[in-house]
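A.B. asks: Sharing a structure below in structure tokens format, with a few things to ask.
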Amino acid sequence: MSCADLFNRMGFECLEKSSGVYRVFTPLSFSDGEPISLYYIEERGMVRISDNADTLFHLRSIGMDVSDRKKWKGVGQIISTFGMKLEHSGEVTGIAVANGAAGLVSRYIGAMLAIADLEREVFGVGPEMTDFIDEVEGHLKLWRPNEELIRNCHAVGHSGRSHDFNFRMSDELIDAARPHSGKTGAILRKAADVQNSSLRVSIMVVMDDRFDPERARAESDILSTLVKVLPFSRLTNNLSGAPPVTH
């Protein structure tokens with residue numbers, strides 16, 4: 001096995017966006033399971049790291065109020081302790097000479113993991129979301145054993161923005177979600193963007209309805225205006241191969 005194969009097997013992925021510009025996905029994640037990624041940009045003997053403003057977009061998607069720069073203060077303070085900068089545009093950036101790239105990437109990842117800790121503190125979200133995604137993965141494989149299940153996939157929407165989904169099976173993008181208005185809004189936004197693109201895919205959400213069925217039903221009703229929704233309880237009860245009923 002080559003180092004590149006090992007790199008991929010460990011959950012890293014690198015996509016060349018243009019000459020000298022790479023998007024790197026890591027196996028690390030925020031509190032809701034969304035992968036932590038970065039843009040690696042080579043510029044005249046220097047290296048610049050950027051999140052393309054994805055961090056603030058992510059925080060908004062889980063319900064944090066980042067509607068103006070005054071409300072970015074806490075995020076900016078965390079970022080700055082790692083030597084990174086939160087730009088006026090909302091982009092997290094860092095710059096180093098080329099031979100200092102490893103240290104720069106390390107500081108960036110440290111900053112993102114600190115943001116994930118902030119999320120857990122604000123919302124009381126722990127590793128349970130990652131565990132839920134793992135559970136969904138196992139049951140999807142039982143439901144559709146003959147289809148390849150790809151984890152942590154990406155789709156470019158009509159806007160040109162790249163969106164992350166937990167899984168892809170055939171021509172279906174799948175997200176695992178717990179009932180939260182911020183998460184619902186984020187899924188609807190990216191679903192609308194992807195569905196208005198040239199991609200020929202459907203989108204399904206597996207909703208965790210185990211702990212708060214009423215709230216799960218309410219969020220599912222909203223999501224079902226645009227995407228298919230499969231309650232997790234129906235997925236877990238379906239081991240026969242017959243399609244579970246979705247919204």
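A.B. asks: Calculate one ³J(HN,Hα) per residue across the stretch 47-56 by plugging θ = phi - 60° into the Karplus curve 6.51 cos²θ - 1.76 cosθ + 1.60, and present them in order as whole Hz with x for glycine and proline.
C.D. replies: With coefficients 6.51, -1.76 and 1.60, one gets 10, 10, 9, 9, 9, 6, 6, 5, 5, 5 Hz.
A.B. asks: Let me ask something else. Cβ neighbours within 10 Å, averaged per peptide: list 58-64, 199-205 in order, most packed at the top. Don't skip to the answer; put the middle values down first.
C.D. replies: On the way: 58-64: 19.7, 199-205: 16.9.
So the peptides 58-64, 199-205, ranked by packing, come out 58-64, 199-205.
A.B. asks: For the charge dipole of the chain, defined by +1 on Lys and Arg C-beta atoms and -1 on Asp and Glu C-beta atoms about the Cα centroid, which residue among W143, Y40, L28 has the Cα displaced farthest towards the positive pole?
C.D. replies: Y40
A.B. asks: Given a cut-off of under 8 Å on Cα pairs at least six residues apart, what relative contact order in percent is computed for the chain? Don't skip to the end; give the middle numbers.
C.D. replies: On the way: 393 pairs, mean separation 35.0, N = 247.
In percent, rounded to a whole number, it is 14.
A.B. asks: Quick one: order C153, C3 by neighbouring beta-carbon count within 10 Å, fewest to most. Please list the in-between numbers first.
C.D. replies: On the way: C153 18, C3 7.
Lowest to highest Cβ neighbour count: C3, C153.
A.B. asks: If you place +1 on the Cβ of every Lys and Arg and -1 on the Cβ of every Asp and Glu, how big does the dipole about the Cα centre of the stretch 128-236 come out, in debye to the nearest 20? Let's see the in-between values first.
C.D. replies: Values: 15 positive and 18 negative charges, 68 e Å.
My answer is approximately 320 debye.
A.B. asks: First check a/c for the chain, with a ≥ b ≥ c the square roots of the eigenvalues of its C-alpha gyration tensor; if it is under 1.5, answer rounded, and if not, answer prolate when a/b is larger than b/c or oblate otherwise.
C.D. replies: Details: a/c = 1.93, a/b = 1.50, b/c = 1.29.
Note, shape of the chain comes out prolate.
A.B. asks: A further question on this structure: Measure nothing but the geometry: give the 0 to 90° angle between the long axis through the Cα atoms of 128-143 and the longest principal axis through the Cα atoms of the chain, rounded to 10°.
C.D. replies: Value to nearest ten degrees: 50.
A.B. asks: Follow-up. Along the positive direction of the dipole of the chain (beta-carbon charges: Lys, Arg +1; Asp, Glu -1; about the Cα centre), which of M64, I95, A186 reaches farthest?
C.D. replies: Going by the Cα projections, it comes out as I95.
A.B. asks: Tabulate in residue order the Karplus-calculated ³J(HN,Hα) for the stretch 158-168, using 6.51 cos²θ - 1.76 cosθ + 1.60 with θ = phi - 60°, rounded to whole Hz; enter x for Gly and Pro.
C.D. replies: 4, 6, x, 7, 8, 10, 9, 10, 5, 8, 9
No value in this document is a laboratory result; all are computed from the given coordinates. Quantities reported herein were computed from a predicted structural model and do not represent experimental measurements. Positions of Cβ are generated from backbone atoms using ideal geometry, with glycine treated the same way; all protein chains shown enter the neighbour counts.
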